Amino acid sequence: VKELAKLPNVSIEGAAQSLIQLRAVGVESALAQRGIKAFANALTAAGKSSTDLNPALTNVVQMLSTGVVSSADVKELANRVPQARKALMDAFGTASGEALTKIGSDKVVMGLIAELEKLPPVAGGAGMALEKFGDSAQFAAATMGESIDKAFGLTKIISDLADGLGDATDYFAD
């Protein structure tokens with residue numbers, strides 16, 4: 001997740017959520033990572049943001065979990081990732097949900113990823129750099145928090161404090 005979050009248009013939460021969703025429908029880890037990278041690069045090339053990654057991959061997850069490539073999924077995917085329709089046309093000669101369903105959702109997803117991987121790598125610019133800085137700060141804060149917790153038992157202290165606050169609230173409520 002940490003390595004994926006370094007890519008343009010991939011946030012920490014987005015990478016984790018996307019990986020979990022794709023793995024939940026049986027996509028092997030390496031293909032899931034390739035898909036996330038390909039979609040993120042396509043989104044960056046189209047001027048989209050990381051908020052579009054997870055919804056786009058949700059369309060892929062729906063295709064894989066139902067075994068159906070619906071016209072609605074293709075349309076939503078193309079709205080989020082403008083290059084998707086062309087990628088489907090290049091890979092299969094069609095972007096029709098019915099025709100793609102006959103090909104099979106697994107093959108369609110693999111072909112879509114393969115076509116999106118052909119797009120040239122795109123850098124994210126200043127906005128993306130700020131987002132990556134925020135992700136790095138979040139990783140650093142989590143690491144420091146774990147170290148502080150191990151050293152001082154912070155989790156127990158905070159838990160005890162929360163319990164005390166709850167007891168005080170109950171006392172004053174009565």
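The values are calculated or read from the model by the stated rules, or taken from the named source; none is laboratory data. A quick note: this is a predicted structure, and the numbers were derived from the prediction, not measured. Backbone-built Cβ (ideal geometry, glycine too); neighbour counts: all protein chains shown. Remember, those area values only see protein heavy atoms, side chains included, never the ligands or the DNA or RNA. Shrake-Rupley method; radii C 1.70, N 1.55, O 1.52, S 1.80 Å.
Descriptive notes on the structure:
- Residue within region 95-102 that is without any contact (Cβ under 8 Å) to a residue 12 or more places away in the chain, open to solvent by 70 Å² or more (accessible area, probe 1.4 Å) and in contact with a helix residue (DSSP H, G or I) (Cβ under 7 Å, 6 or more places away or on another chain) present: no
- Within region 115-166, being exposed (fewer than 10 other Cβ atoms within 10 Å of the Cβ) and at pLDDT 85 or above holds for one residue alone: P120.
- Top-ranked residue of region 48-82 - restricted to ones that are open to solvent by 60 Å² or more (accessible area, probe 1.4 Å), under 17 Å from G26 (Cα atoms) and touching a residue at least 24 places away in the same chain (Cβ under 8 Å), ranked as farthest from the chain's Cα centre (by Cα): V68
- Residue match in region 20-39 (condition: buried (at least 18 other Cβ atoms within 10 Å of the Cβ) and of a type in the set (D, E)): no
- Boolean, E3 is of a type outside the set (A, V, I, L, M, F, W, C), open to solvent by 70 Å² or more (accessible area, probe 1.4 Å), touching a helix residue (DSSP H, G or I) at 6+ places or on another chain (Cβ under 9 Å) and under 23 Å from S96 (Cα atoms): no
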